[in-house]
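**Q** I have a structure I would like to understand better, so I am pasting it below and will then ask my questions one at a time.
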Amino acid sequence: MLKEIIGIAQQAGAVMLDIYYDAQDVKITRKDDDSPLTKADLASHKIIMKELKKLDSNTPIISEESGIPDYEQRKGWDKFWIVDPLDGTKEFIKKNGEFTVNIALIDEGFPVLGVVYVPDNDTTYYAEKGKGAFKQVGTEKPTRIYSTGSSSDQPLAAVQSRSHGSDKLKNDLKEKGLEIKEAIPAGSSLKFCLVAEGKADIYPRMGPTMEWDVAAGDAVYRYSAKEGTHPSPLTYNKPDLKNGSFLIGLKENVEF
């Protein structure tokens with residue numbers, strides 16, 4: 001099934017790129033929470049929903065653009081797909097290429113499969129429980145990616161949001177006893193992927209995200225361990241699907 005999910009993500013990404021490159025100005029509307037929405041978000045959503053239902057008609061799907069089913073309905077789900085059709089809409093609008101398609105399968109509250117596709121450079125990160133995490137550029141052979149987990153007593157390279165990054169992050173981490181030697185800006189769920197492939201030590205997130213923002217990238221990170229699975233503070237199918245602040249990439253648990 002993983003191969004088919006990668007194909008769906010890439011199909012959605014191709015449609016997004018048509019809009020990305022053809023439009024001189026990306027038309028933007030606003031959702032109820034004032035976050036931006038583009039034609040590409042909706043086009044990707046329609047493709048993913050259609051293809052996922054064809055592939056796996058028995059498993060429920062939550063997409064950022066489809067609304068959240070009531071918790072009374074969701075709490076009995078053992079498995080469900082969770083999708084962000086265009087993660088990094090702000091990066092899409094800025095045309096810096098750092099936007100992704102995210103598709104993940106949640107089983108008993110944990111991501112067991114995740115695909116993060118980067119349309120602008122045709123790069124796919126993917127992972128599956130028990131099989132590891134991988135990166136594929138274009139049609140090149142996929143390569144296994146690893147991360148070892150960093151120690152809190154060492155200077156750390158921290159990946160941070162390109163849209164929200166600031167010196168405040170370094171100061172907040174310093175208060176928690178963490179020294180940041182380098183801040184690496186990145187958009188969307190690429191932040192998880194940079195940690196998973198060892199290009200950054202940690203990904204600290206101050207402030208809320210939704211489960212569809214993080215599930216696919218979280219899977220890539222979890223299964224990038226050389227042995228076993230990396231621990232992650234993220235959980236899924238919560239009553240409101242909202243995450244608080246979190247930090248991934250350390251061997252030790254740091255209260256965040």
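The values are calculated or read from the model by the stated rules, or taken from the named source; none is laboratory data. What you are looking at is a predicted structure, and each value in this text was computed from that prediction instead of being measured. As a convention, Cβ positions derive from the backbone with ideal geometry for all residues, glycine included, and neighbour counts pool all protein chains shown. All accessible areas refer to the heavy atoms of the entire protein, side chains included, with ligands and DNA or RNA removed. Shrake-Rupley method; radii C 1.70, N 1.55, O 1.52, S 1.80 Å.
**Q** Expressed as a whole percentage, what fraction of the accessible surface of the chain belongs to carbon and sulfur atoms when a 1.4 Å probe is rolled over the protein heavy atoms?
**A** 46 percent
**Q** For segment 169-256, what does the equivalent ellipsoid look like in terms of its semi-axes, each the square root of 5 times an eigenvalue of the Cα gyration tensor, given largest first in whole Å?
**A** 19, 17, 13
**Q** While we're looking at this one, here's another question. Rounded to the nearest 10 degrees, what's the angle between the helix 2-22 long axis and the longest principal axis of the chain, both from Cα atoms, 0 to 90?
**A** Value to nearest ten degrees: 80.
**Q** Out of the GluC sites (Glu not before Pro) in segment 116-215, which ones are loop residues according to DSSP with at most 15 other C-beta atoms within 10 Å?
**A** Those satisfying the criteria are E140, E179.
**Q** Sort 185-192, 11-18 by the packing proxy (mean of other Cβ within 10 Å over each peptide's residues), most packed first.
**A** So the order, starting with the most tightly packed, is 185-192, 11-18.
**Q** Explain nothing, just the number: relative contact order of the chain, from Cα pairs under 8 Å at least 6 residues apart, as a whole percent.
**A** Here the relative contact order equals 18 percent.
**Q** Taking loop as defined by DSSP and a crowding limit of 13 other beta carbons within 10 Å, which trypsin sites (Lys or Arg not before Pro) in segment 200-251 fit?
**A** Of the trypsin sites (Lys or Arg not before Pro), the ones in loops of segment 200-251 whose Cβ has at most 13 other Cβ atoms within 10 Å are K226, K251.
**Q** Based on Cβ point charges of +1 for Lys and Arg and -1 for Asp and Glu, what charge dipole magnitude is obtained for the chain about its Cα centre, in debye rounded to the nearest 20?
**A** I would put it at about 320 debye.
**Q** Could you tell me which of the pairs K46/K238; K129/K226; K3/K131; K191/K238 are separated by over 18 angstrom between their Cα atoms in the structure shown?
**A** Long pairs (Cα-Cα over 18 Å): K46/K238; K191/K238.
**Q** Order these peptides, 152-162, 54-64, by their mean beta-carbon neighbour count within 10 angstrom, highest first.
**A** Going by the mean number of other Cβ atoms within 10 Å, highest first, we get 152-162, 54-64.
**Q** Next question, about the same structure. Could you tell me the relative contact order of segment 74-201? Use alpha-carbon pairs under 8 Å, at least six residues apart, and round to a whole percent.
**A** Relative contact order comes out at 21 percent.
**Q** Further question: What is the Cα centroid distance between segment 83-125 and segment 182-236, reported in whole angstrom?
**A** The distance from the Cα centre of segment 83-125 to that of segment 182-236 comes to 12 Å.
**Q** Can you send over the solvent-accessible area of H45, 1.4 Å probe, protein chains only, in Å² to the nearest 10?
**A** Looks like 30 Å² after rounding.
**Q** Against the longest principal axis of the chain, how steep is helix 39-55, in degrees 0 to 90 to the nearest 10, with axes from Cα atoms?
**A** 80 degrees
**Q** Kindly sort W81, W212 by accessible area of their heavy atoms, largest first, with the probe set to 1.4 Å.
**A** If we order W81, W212 from most to least accessible, we get W212, W81.
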